[in-house]
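Read-outs: derived from the displayed coordinates by stated rules, not from any lab. Values in this document were obtained by computation on a predicted structure and should not be read as measured data. FYI the Cβ positions are ideal-geometry reconstructions off the backbone, even for glycines, and counts take in every protein chain you see.
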Amino acid sequence: MLQLSEITKKFPDGENSFNHVLRGVNMNIEKGDFVAIKGASGSGKTTLLSILGTLLQPDSGSYLLDNQEINTSGVDYSAIRNQKLGFVFQDHRLLPQLTALENILLPTLAFQSKADDSQIDYAKQLMELTDITSVANQYPDTLSGGEASRTAVCRALIMKPLLVLADEPTGQLDAENARNVALLLKKINRELGTTIVMVTHSDEIADVSNRTLTIKDGVLV
């Protein structure tokens with residue numbers, strides 16, 4: 001479902017100098033997999049996740065997603081992000097003026113004026129799956145950290161994406177809630193068959209995945 005071949009990325013690091021963050025990354029992910037990517041601070045794991053999410057373009061290499069070459073001209077990145085990718089961020093990024101249910105439905109509004117009945121029903125199913133049905137009409141400032149994380153996970157799933165990308169999804173949670181969110185991602189992977197790539201610095205959180213890769217010196221090992 002996803003294949004990276006010799007992906008490179010560098011950033012300016014002073015005059016006439018560059019920091020080569022990714023030095024030829026290769027990765028294959030099958031549909032239904034759950035992969036954790038670990039690495040030291042500054043190792044390039046967030047850069048790699050940003051490339052997977054089309055938020056950042058590599059300098060060279062090939063990125064195939066669902067048999068489509070992503071690293072080429074003419075690609076509608078906004079459509080790919082909305083229809084094929086789901087994102088779970090460390091800071092949740094819930095809109096304060098919307099209820100939990102409305103936040104979950106937000107991605108459905110990219111190409112339509114309002115969510116349809118089937119999307120609303122699916123949002124409610126996701127809330128039931130993640131045990132947050134009771135907070136559907138609450139606003140983000142009234143949610144606990146765990147409830148906000150679960151709302152963000154539901155939002156990432158609402159468009160039934162091919163791939164969910166989770167960037168340190170437990171980074172701002174206490175140990176108990178962090179473990180609960182990690183186990184929730186595992187449950188979603190198992191019960192919905194959702195393919196997940198998660199970046200984390202925690203060995204314990206990485207252990208819930210099907211397999212763990214480590215990024216070191218700009219390559220995956």
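Overview of values
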| item | result |
| --- | --- |
| Chymotrypsin sites (Phe, Trp or Tyr not before Pro) within segment 72-181: DSSP coil, no more than 12 neighbouring Cβ in 10 Å | F111 |
| Full-extension gain in nm, S17 to L64, via 0.36 nm per residue minus C-alpha separation | 13.9 nm |
| Amide H within-cut-off set for A166, under 5 Å, with H built and near neighbours excluded | V88, V197, M198, V199 |
| Karplus (6.51, -1.76, 1.60) ³J(HN,Hα), θ = phi - 60°, over segment 8-23, in Hz, Gly and Pro reported as x | 10, 7, 10, 10, x, 9, x, 5, 6, 9, 9, 9, 7, 7, 10, 10 |
| Residue-wise HN-Hα coupling along segment 200-205, computed from phi with Karplus coefficients 6.51, -1.76, 1.60 (Hz; x: Gly, Pro) | 8, 9, 9, 4, 5, 5 |
| Listed residue pairs exceeding 28 Å between alpha carbons, taken from K45/K124; K45/K187; K9/K31 | K45/K124 |
| Whole-number percent relative contact order across segment 134-221, with pairs defined as alpha carbons under 8 Å at least 6 apart | 26 percent |
| Using alpha-carbon coordinates, inclination of helix 145-157 to the longest axis of the chain, degrees | 70 degrees |
| Per-pair calculated FRET efficiency, R0 = 41 Å: N26 and L98 via Cβ, rounded to 0.05 | 0.55 |
| The chain: angle of helix 175-192 to the longest principal axis, Cα-based, in degrees nearest 10 | 90 degrees |
| Zone of K114's modelled label, taken as backbone nitrogen in segment 136-162 under 18 Å from a point 7 Å along Cα→Cβ | 137 |
| Value of relative contact order over the chain, rounded to a whole percent, pairs C-alpha under 8 Å and six or more apart | 31 percent |
